[in-house]
Amino acid sequence: MLPTLRTKRFLICASTTTLLLATFLIAALVSASRSDASDCDGTTVGFTPLVDLIGGEYQGYSGGLYPGETNVRPASHEEAGREQAAQVVPRDSAGNPDPVAGKIGFVTIGMSNTQSESIRFLEETHHDPLKSPQLILIQGAAGGQVAERIIDPESPYWDYVDQQVATAGLTPQQVQVFWLKEANPGPTEPFPEHAQILSDQLAIIVQILRDKFPNGRLCFLSSRIYAGYASTGLNPEPYAYESCFSVRWLIEDQIEGDPALNYDPERGPVEAPWLSWAAYLWADGLQPRSDGLIWECIDYLDDGTHPSTSGSLKVANMLLDWIHNDTATRWYFAAPASVGVEESAGAPVVASPNPFRDRVTLTWTVGSATGSGLVEAAVFDARGRRIRTLRVDTRDRGSLDWNGTTDSGERVPAGAYWVQWRNADGESGRTQVLLLR
């Protein structure tokens, strides 16, 4: 049996000076490694992505992100995630709910790869019209801050995270969500030993997160991107691929009721946030994943390990797609705004449910004193392009459905859309609807 590191507090006997020096040396190693050219011939390693390994095995371990060889959260964990997500609300500096002036802190945690990807992710979300203005994303990852280092709750890394939170104008009581992606440099242990060690270290890290951020309810995790182009021993294949098992085993332990990972106060002391996968990032180089994802040599810096601008953007887009579509991320979105006509022109069209996934029902009462009802309702995208004419009608009251498709029947992507209407008297209004996928 592998030794476990799963304890409430795991202290490494090292002085702050030693920790800082080691961090500097790791950062120097990374910098030096970038002078080596990527191995652009490493276009595939022959492993099957975990999301595609359904019905197969890797060294005796089954595929899928979750127990039972599936990429879907078990029903009980799904329900628990929604319940935890419902408690992620804007809070004041003391941690009390404040729907008007409160904030939701979302912190990224990890090493240099995570830092590069987080910076680009934050840039993308900054321009995302769907993001709530009360959600504050904080880049908390840092170069050299690998898993084996930050399992010490007294590590200078956690001071850095605290500083990042404070710089963003938030308190620890307002931080409620995390994205965690970690690894260790130069692993040498065989599989599954090194993966289990990392999984145990991740368990300690999520415990630290809950200790430092008492309202931290959700922690989403990712494993490494492809490392077949690596030209150094920093964290090449198969270690990058195998880190997916570290994440899966951690989440499985929580699903199976490990008290050291408990998030439910009704089951005992709360030790960790609720855990789940964020985006799964690994694909076998130029061999397309089932969803088409590939990793090209240009997606990396010279060491073939750290993502380049294009690689970081690829991760950012996968994270954005995940956060737009996960059922436990409703806190990300701005409250849908309904912009109707002036009071004298009658009530606006009402959309329900909103946000929606498959179908939204639009109900209206737009008749005027002359009895003129709804003449036209149409859907426009965020760029103002008309994508769907829903109905021409003359009734004062009624309802209609939109199933998230264009006039030609094509499914539209997740996002904000406007339902524009007018009546025979020239009165008009619009209602925003939010489509999730």
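How far is it, in nm, from the label point at residue 363 to the one at residue 92 when both lie 7 Å from their Cα along the line to the Cβ?
Placing both labels 7 Å along Cα→Cβ, they lie 3.5 nm apart.
Taking θ = phi - 60°, what integer Hz values does the Karplus form 6.51 cos²θ - 1.76 cosθ + 1.60 yield along region 406-417, in sequence order, with x for Gly and Pro?
Along region 406-417, the couplings run 7, 4, 8, x, 7, 5, 8, x, 4, x, 8, 9 Hz.
Do any of 181/314; 131/181; 103/131 go past 19 Å between their Cα atoms, and which?
Values: 181/314 15 Å; 131/181 22 Å; 103/131 13 Å.
Pairs exceeding the cut-off: 131/181.
Shape of region 76-128 from its Cα gyration tensor (a ≥ b ≥ c, root eigenvalues): rounded if a/c is under 1.5, otherwise prolate when a/b > b/c, or oblate?
Values: a/c = 2.17, a/b = 1.37, b/c = 1.58.
Oblate, because a/c is 1.5 or more while a/b does not exceed b/c.
May I ask you to order 75-84, 312-321, 179-188 by the average number of other C-beta atoms within 10 Å around their residues, highest value first?
Details: 75-84: 15.1, 312-321: 19.9, 179-188: 21.7.
Most protected by this proxy first, the peptides run 179-188, 312-321, 75-84.
For residue 407 and residue 72, what is the calculated FRET efficiency with R₀ set at 35 Å and r taken between the beta-carbons, to the nearest 0.05? Each step should come with its number before you reach the end.
Numbers: r = 32 Å, r/R0 = 0.93.
That gives a FRET efficiency of 0.60.
Mind giving me the FRET efficiency for residue 163 and residue 294? R0 is 45 Å, r the Cβ-Cβ distance, nearest 0.05 is fine.
On the way: r = 38 Å, r/R0 = 0.83.
Rounded to the nearest 0.05, the efficiency is 0.75.
When the convex hull of the Cα atoms of region 259-329 is projected onto a plane and the area is averaged over all directions, what value comes out in nm²? Please list the in-between numbers first.
Working: hull surface 27.5 nm².
Orientation-averaged projected area of the Cα hull: 6.9 nm².
Toward the positive end of the charge dipole of region 260-313, about the Cα centre and with charges on Cβ (Lys, Arg +1; Asp, Glu -1), which of 306, 295, 269 goes farthest?
Farthest towards the positive end: 269.
For residue 131, what residues show an amide H to amide H distance below 5 Å, using hydrogens built from the backbone and excluding near sequence neighbours?
334
Label region 230-296 by shape, choosing from rounded, prolate and oblate, from the square roots a ≥ b ≥ c of the eigenvalues of the Cα gyration tensor; if a/c is under 1.5 it is rounded, and otherwise prolate applies when a/b is larger than b/c, oblate when it is not.
Details: a/c = 3.98, a/b = 2.29, b/c = 1.74.
Prolate shape, in that a/c is at least 1.5 and a/b is the bigger ratio.
Any chance you could run the full-extension gain for residue 256 through residue 302? It's 0.36 nm times the residue separation minus the Cα-Cα distance, nm to one decimal. Could the numbers behind the result be given before it?
Working: separation 46, 0.36 × 46 = 16.56 nm, distance 4.15 nm.
Taking 0.36 nm per residue and subtracting the Cα distance, the gain is 12.4 nm.
Which aspartates and glutamates, if any, have their Cα less than 18 Å from the Cα of residue 212, not counting same-chain residues under 8 positions apart?
Answer for residue 212, where 18 Å is the Cα cut-off: 92, 152, 154, 159, 162, 264, 271, listed by chain and number.
Between the alpha-carbon centers of region 66-81 and region 214-288, tell me the distance in whole angstrom.
14 Å
Bear in mind that the values in this text are calculations on the coordinates, not laboratory data. Remember, predicted model here, so these are calculated numbers, not experimental data. Neighbour counts are summed over all protein chains in view; Cβ atoms, including those assigned to glycine, are modelled from backbone coordinates with ideal geometry.
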